[in-house]
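Written below as structure tokens is the structure these notes are about.
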Amino acid sequence: MSAVAALTAVALPALPQASASASSAARAIVFRVPVRDASDPQKLLAGGFDVLERRQGNDLFVLGDAAAGARLHQLGFTWTVDRTLPGGRTSAQDVHAADVNDTYYGGYHTVNAHYTHLDQTAAQHPGLATVVTYGQSWRKQNGQPNGYDLKAICITKLTQGDCRLDPNPAKPRFFLMSQIHAREITTGEVSWRWIDYLTGNYGTDPTVTALMDSTEMWVVPIANPDGVDIVQQGGDNPNLQRKNADDTNGTSCGWNGQTGIDLNRNTNSHWGASGTSDQPCDETYPGPDANSETENSALENLFRNLYPAVRGTGDTTPAPVDTRGVMITMHSDASMVLFPWGFDHTVHTGNDAALRAMAARLGSITGYQYGQPGEILYDAAGTTDDWTYDKLGLASFTIEVGDSDGRGCDGFLPPYSCQDSYFWPKLQPALLYAAQHAAAPYRTASDG
Ligand code: 0X9
Ligand code: ZN
């Protein structure tokens, strides 16, 4: 058993108030403590230290005051200060709540911050939001450190039957997801603001209120949490990880962004047909098989629980004109609105006119180009939006969030200030438009 696994076997909540904790007036410190052998976690607990649930690699986190730091040294532990907390915040529960402020690279939210944000949103707005755990990341499923649950939030004015895993709900559904490519860090921040916009304006803004009364808004802010964990480990120099953390197919790719499977090539819609590489260390490696990755199989399972499969087979069979539901997967940073088919731009879907009209509208709102991927970017098969359209008939789009106005906000890693000053104001009306058309996207796409 690893040292960290040994810790998980200990009943943390039953801990008595740790003698090493700060008094309520003192400044609390989170110490980052490297674990050297399997008995260390037990030693910390036996010593009365306030060991937090959080862990990174073989590092544990201990909450205490300056005296606790001295006692750690006396027991032979080394540590660095992870962060200090305002006076009075002295329990592990408080620290967990504070994780909503866990950031890197000038303000970008970590995976834990995003997940705490979801939980806090649901706790603060119990009538408007509910959190769903829909699976586990590759690392978590494989018992590795720094693995995560896969989480979604459903936002609506909750009435009986809303937000259930039922493909035939009373309200139509708009689905927004981000950071399936981990390093495209703007996209998670847009999702964060979309969640706050909806829950914060219900009852005061008539547009938001009407939308929430009539529609379910689902958000997966971090579709690839293991990948984002690798990104955020870089701190002020985020690692440019695109793929997930599954290293079973390319064990010697190195850690610098090249390990893993491209989740936006891994679905079983025309898997491997175009825009992929069979080299495991390449950024577009689609995996050993279609849908081999748990992040995708869990997400597909969620989609199947939220939307009925209304489209027949074949590349040109249309989904019925009364199909409900819209989904947007956000990427960056090409400044484009894309729609199926991604696998081959010479093939148009049976819903091409409606998808194209809606993409045109999203394009005019954002100032982005629009088209099938291969018409303006490149063909790519096995993507999320091709899958949701292919298997379910869902009106599906990729928005490549980018700086089309020369505001110094381009690239995968724009300054954090771009989020509020530029990206959110630009994307908010586009997301609103898409959500407002969830009831009948193929009927209403051209009505403006
Ligand atoms: O290559 C990709 O996966 C996307 N570009 S990115 O720079 N964000 O990696 C574009 C995918 C285009 N294809 C579809 N959306 N179908
Ligand atoms: Zn991307």
Inset, instruction - Decide, for the stretch 115-258, between rounded, prolate and oblate: order the square roots of the alpha carbon gyration tensor eigenvalues as a ≥ b ≥ c, take rounded if a/c falls under 1.5, and otherwise choose prolate if a/b is larger than b/c, else oblate. - result: prolate
Inset, instruction - May I ask you to order 267-278, 223-234 by the average number of other C-beta atoms within 10 Å around their residues, highest value first? - result: 223-234, 267-278
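I'd like the Kirkwood hydrodynamic radius of the chain, using the inverse of the mean 1/r over distinct C-alpha pairs, in Å.
One over the average 1/r among Cα pairs gives 22.9 Å for the chain.
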Inset, instruction - State the Cα centre-to-centre distance between the stretch 220-291 and the stretch 201-216 in whole Å. - result: 37
Inset, instruction - Rank these by accessible area, largest first, 1.4 Å probe: ARG173, ARG71. - result: ARG71, ARG173
Legend entry - Under the Karplus curve 6.51 cos²θ - 1.76 cosθ + 1.60, θ = phi - 60°, whole-Hz ³J(HN,Hα) for the stretch 143-156, x wherever Gly or Pro sits: x, 8, x, 6, x, 9, 6, 9, 10, 10, 10, 10, 10, 5
Legend entry - Net charge dipole size for the chain [Lys, Arg +1 and Asp, Glu -1 on Cβ; Debye, nearest 20]: 980
Legend entry - For the stretch 404-418, 3J(HN,Hα) per residue [Karplus equation, 6.51 cos²θ - 1.76 cosθ + 1.60, θ = phi - 60°, Hz, x = Gly/Pro]: 8, 10, x, 9, x, 10, 8, x, 6, 10, x, x, 4, 4, 4
Inset, instruction - Can you work out the accessible area per residue across the chain, with the rest of the protein chains kept in place, probe 1.4 Å, in square angstrom? - result: 37
Legend entry - Amide H contacts under 5 Å for TYR134, placed H, 5+ residues apart: LEU150, LYS151, ALA152
Inset, instruction - Any lysines with Cα under 19 Å of the LYS171 Cα? List them, leaving off those in the same chain fewer than 8 positions away. - result: LYS157
Inset, instruction - With θ set to phi - 60°, apply the Karplus curve 6.51 cos²θ - 1.76 cosθ + 1.60 along the stretch 114-131 and write out the HN-Hα couplings as whole Hz, x wherever there is a Gly or Pro. - result: 4, 5, 5, 4, 4, 5, 5, 4, 5, 5, 7, 10, x, x, 10, 8, 9, 9
Inset, instruction - Using only Cα atoms, find the angle between the long axis of helix 352-366 and the longest principal axis of the chain, and express it within 0 to 90 degrees, rounded to the nearest 10. - result: 50
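Rounded to the nearest 0.05, what FRET efficiency do ALA309 and GLN160 give with R0 = 30 Å and r taken as the Cβ-Cβ distance? Could you check? It would help to have the intermediate numbers written out before the result.
Values: r = 26 Å, r/R0 = 0.85.
E between ALA309 and GLN160, to the nearest 0.05, is 0.70.
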Inset, instruction - Could you list the square roots of 5 times each eigenvalue of the Cα gyration tensor of the stretch 180-292, that is, the equivalent ellipsoid semi-axes, sorted largest first and rounded to whole Å? - result: 34, 18, 9
Legend entry - Surface accessible to a 1.4 Å probe, ARG443 within the full protein complex, Å²: 150
Inset, instruction - Select from VAL131, VAL100, VAL35 the residue whose mean-square fluctuation is largest in a Gaussian network model of the chain (Cα-Cα springs shorter than 10 Å). - result: VAL35
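Roughly speaking, to the nearest percent, how much of the chain's 1.4 Å accessible area is carbon and sulfur?
49
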Legend entry - Radius ratio Rg over Rh of the stretch 365-447, counting only Cα atoms, Kirkwood formula for Rh: 1.00
Legend entry - Residue pairs, from the table LYS140/LYS243; LYS140/LYS391; LYS151/LYS243; LYS243/LYS391, whose Cα atoms sit over 26 Å apart: LYS140/LYS391
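The values are calculated or read from the model by the stated rules, or taken from the named source; none is laboratory data. Please read all numbers here as calculations on a predicted model, not as lab measurements. Neighbour counts run over all protein chains shown; Cβ positions are idealised from the backbone, glycine included. What goes into the accessible areas is simple: the full protein's heavy atoms, side chains included, and nothing from ligands, DNA or RNA. Shrake-Rupley method; radii C 1.70, N 1.55, O 1.52, S 1.80 Å.
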